[in-house]
Amino acid sequence: MRIRVGHLYPDYLNIYADRGNIAVLAERARLRGHELDVHAIGMRDPVPAGEIDLFYVGGGQDREQALVAHDLVEKEKPLRDAAEEGAAFLAVCGGYQLLGRFYRDVAGDELPGIGLLPLHTVAGQRRMIGDVLLDCDWAGQTMAGFENHAGRTILDEGAAPLGRVISGFGNNGASGAEGCRWKRVYGTYLHGPLLPRNPWFADHMLAEALAHAGGPTELAPLPDELERAAHEVSAQRARARGGKH
Amino acid sequence: MRPPIPLALESAALRAVGALSRVAGRGGGTTLPGKLLWKLDPGAIDRLASRLEQGSVLVSATNGKTTSAAMVAEILRPRVRIAHNSSGANLVSGIASTLLHLGDAQLGLFEVDEAALPEVARRIEPRALLLGNLFRDQLDRYGELELVAALWREAMASLPDAELVVNGDDPQVGDLARGHRARVFGVDDPRLARPALQHAADSKYCLRCGTPYDYAAAYVGHLGDYRCPKCGHARPPLDVTARDIELHGLDGAAFTLAAPEGTVRVKLALPGLYNVYNALGAGSLALTLGAGLDDVRAGLERFSAAFGRFERIEIGDRRLLMLLVKNPAGANEAVRTLVEGRAPSVAVVALNDAIADGRDVSWIWDVDFEPLVAGLDRLVATGSRAAELALRFAYGGLARERIDVVPSLEAALDRGLELTPAGGELVVLPTYTAMLALRKIVAGRGHVSNYWESAA
Ligand SMILES: [Zn+2]
């Protein structure tokens, strides 16, 4: 099966090794006999409506994030339509913030988002940096990654987080929640990159994309010994931080 | 305010602390006295520096600052007595430690951490600064590149009398020359340009208007000949250039250094275009300080390597080739140099995640390791994040059965040596603290001297 991936702004949003996530998706698809077909969707490029199974949005430095924010707003309609009809999204760090309604910086200026996820973000003074471990009870799994963000993200009442923070800060260092999910849209601050250390989540995103593509969503298990070892080291680092901070 | 302790007394006491800590085997004692001085009396640094009759010069960059500063020292040494923090202790405390051992030095030459540069410059009031490049590095520690660039701009604005020697090929660094007495250097050899900007290129958007730069030539990361198609912001005119560059794989490089003072052919024992940049910057600073072209050429040609950056160590009937890797831009150049030389079939790659390496190891996914993968029979992945590194290579196309995951550095070194035929060379790519540890292991076996002995 061909899985069509739309990588949004790969030239601008690529600060935390986002291509590692893409490489993991491609290889794990290939090992199951699928093919990942990755299209770059850049500034002023149209969103190929209905032709993308998985959208990927990475993180950028503040400057790059501001450069793309206004272009992304132009793409809001086709992206929202795609999400409504079941396309999968994975948004990391800056990309996660841009899928919310807005990002308000320390001066009070607002960078617009597209409001696909029920949340908004407000800049804080201190950056939240370090290894993170999450409990994703909806999947019966843990997730390990690294966070580095000044933004405090606040989920709307009733919104589903990606996981509960075991160690680390998460969305805002106070709520105990990290990330957000809605339909097949997933957002998180965790990079590292995220998918090599959390193969279950890589496969989950592939299954979501396959569901949209109309293919079989069963994926044969892989050995994943290195993946588990990397997850364990990252999880240990997070636990060593002790408590939530 | 506390009255300052008489400086001579203070200095003598702190030097004694250094000697004691060296005797106690605490990592050479290179920064402990400096840390104490910095704590007890921060102003002492200013006063000590003011004793240098020829003043001080500072060298900073994300990549190559240790090498560039050591090259400057080699060029100037025959004519000037220099105080130099050659062991790479480049925070305020390390510089303070060097200042405690001034002896009869005439000129201070300090390699400075990018983030520490504003503080050090404010205190030491250098007569000249060599600013090499700004790459994305340890985001968990330095923050975003733009923040460091902004700090540098501020610091330079408060040093109106200092002479700047800047790399014009780096948009952020080259721009510092505007409105300042400056000497701008850069590479002028489009034959060596990369076909496209590398994945890890950082400053690829116009710093004035945000439009992507057009590159007539991209050399290393985002370093090159850039111009903004919208507002015209472009590489400044170059005062000193490297032309007719020849790269001889791992065996060295040669280039023609063309400056207002004249033109000279330089043969480097160090490999790679990034070392041509280091030599060009060092030569430019030395010329600014009044060195002659012949001194520049001779000094650069005498120079072999700065501590741990590029090092060959004999181990019995095998050889170790150690290339430090610490961020995407630097690692890409190490890989490029290896592949253009004799691409290794066995490599030990060591990834640690101590504070000095960066806690966040995501940068390895931004390195183009793939050209190395093509020739590898065997990879030994080691360090505290060995599994993560192994994953990077596995997803980069190296079959998993070709990867040994050996977290212990010593065991990994032995495994690498075992895989290396007699008479052969083992390539080791370590991050900073892994490099220190590996050097210590090798030194413990009697194969190399510890750095604080050779740096004395
Ligand atoms: Zn411009």
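As for region A:210-227, it holds at least one residue that is charged (D, E, K, R) and in contact with a helix residue (DSSP H, G or I) (Cβ under 7 Å, 6 or more places away or on another chain). Kindly evaluate A:ASP37 against the criterion of being touching a helix residue (DSSP H, G or I) at 6+ places or on another chain (Cβ under 6 Å) and charged (D, E, K, R). No: the conditions fail for A:ASP37. Only a single item in (1) assigned to a strand (DSSP E or B); (2) on the phi > 0 side of the Ramachandran plot is not met by B:PHE110, and it is number (2).
Highlighted here are the strands (runs of 3 or more DSSP E) found entirely within region B:334-411 that include at least 1 residues which are more than 9 Å from chain A (Cβ to nearest Cβ) and of a type outside the set (A, V, I, L, M): B:378-382, B:403-405. For region B:367-381, state whether one or more residues are at pLDDT below 95 and in contact with a His (Cβ under 6 Å, 6 or more places away or on another chain). No, region B:367-381 has no match at all. Residues that are modelled with pLDDT under 95, in contact with a Leu (Cβ under 8 Å, 6 or more places away or on another chain), under 16 Å from B:ALA162 (Cβ atoms) and not in a helix (DSSP H, G or I) within region B:38-62 comprise just one, B:LEU52. The single residue among A:LEU36, A:LEU13 that is crowded, with 20+ Cβ neighbours inside 10 Å, within 14 Å of chain B (Cβ to nearest Cβ) and modelled with pLDDT of 95 or more turns out to be A:LEU36. Give region B:213-223 a look and list any residue that's out of contact with any Lys or Arg (no Cβ under 6 Å at 6 or more places or on another chain) and farther than 12 Å from B:ALA234 by Cβ, or say none. Once the filter is applied, which keeps residues that are out of contact with any Lys or Arg (no Cβ under 6 Å at 6 or more places or on another chain) and farther than 12 Å from B:ALA234 by Cβ, region B:213-223 yields B:ALA217, B:TYR219, B:VAL220, B:GLY221, B:LEU223. Return yes when B:CYS231 is within 16 Å of the ligand (Cβ to nearest atom), surrounded by fewer than 14 Cβ atoms within 10 Å (Cβ to Cβ) and either away from every other protein chain (no Cβ under 14 Å) or assigned to a strand (DSSP E or B) (or both) and no when it is not. Yes. Set side by side, the residues B:VAL266, B:VAL276 differ, and just one is modelled with pLDDT of 95 or more, of a type outside the set (Ser, Thr, Tyr) and in contact with a Lys or Arg (Cβ under 7 Å, 6 or more places away or on another chain), which is B:VAL266. Just one of the numbered conditions (1) free of Cβ contacts under 8 Å to residues at least 24 places away in the same chain; (2) over 22 Å from A:HIS204 (Cα atoms); (3) exposed (fewer than 14 other Cβ atoms within 10 Å of the Cβ) is not true of A:GLY140: (2). Selection within region B:234-251: residues that are more than 16 Å from the ligand (Cβ to nearest atom) and part of a loop (DSSP other than H, G, I, E, B). The member of this set that is modelled with the lowest pLDDT is B:HIS248.
Residue under question is B:GLY88, and the condition is that it be surrounded by fewer than 24 Cβ atoms within 10 Å (Cβ to Cβ) and touching a residue at least 40 places away in the same chain (Cβ under 8 Å); does it hold? Yes: the conditions hold for B:GLY88. Among the residues examined, A:ARG181 qualifies as part of a strand (DSSP E or B) and surrounded by fewer than 22 Cβ atoms within 10 Å (Cβ to Cβ). Filtering region A:143-171 to residues that are in contact with a helix residue (DSSP H, G or I) (Cβ under 9 Å, 6 or more places away or on another chain) and surrounded by fewer than 21 Cβ atoms within 10 Å (Cβ to Cβ) leaves A:ALA150, A:ILE166. Taking region A:191-234 as the range and being outside any loop (DSSP other than H, G, I, E, B), within 12 Å of chain B (Cβ to nearest Cβ) and small (Gly, Ala, Ser) as the test, the residues that pass are A:ALA202, A:ALA229, A:ALA230, A:SER234. Of a type in the set (Ser, Thr, Tyr) and touching a Cys at 6+ places or on another chain (Cβ under 7 Å) - does that describe any residue in region A:181-191? Yes. Would you confirm whether any residue within region B:252-274 is more than 21 Å from the chain's Cα centre (by Cα) and within 15 Å of the ligand (Cβ to nearest atom)? No; the residues of region B:252-274 include none that is more than 21 Å from the chain's Cα centre (by Cα) and within 15 Å of the ligand (Cβ to nearest atom).
The values are calculated or read from the model by the stated rules, or taken from the named source; none is laboratory data. A quick note: this is a predicted structure, and the numbers were derived from the prediction, not measured. All Cβ positions, even for glycine, are placed from backbone atoms using ideal geometry, and neighbour counts span all protein chains on display.
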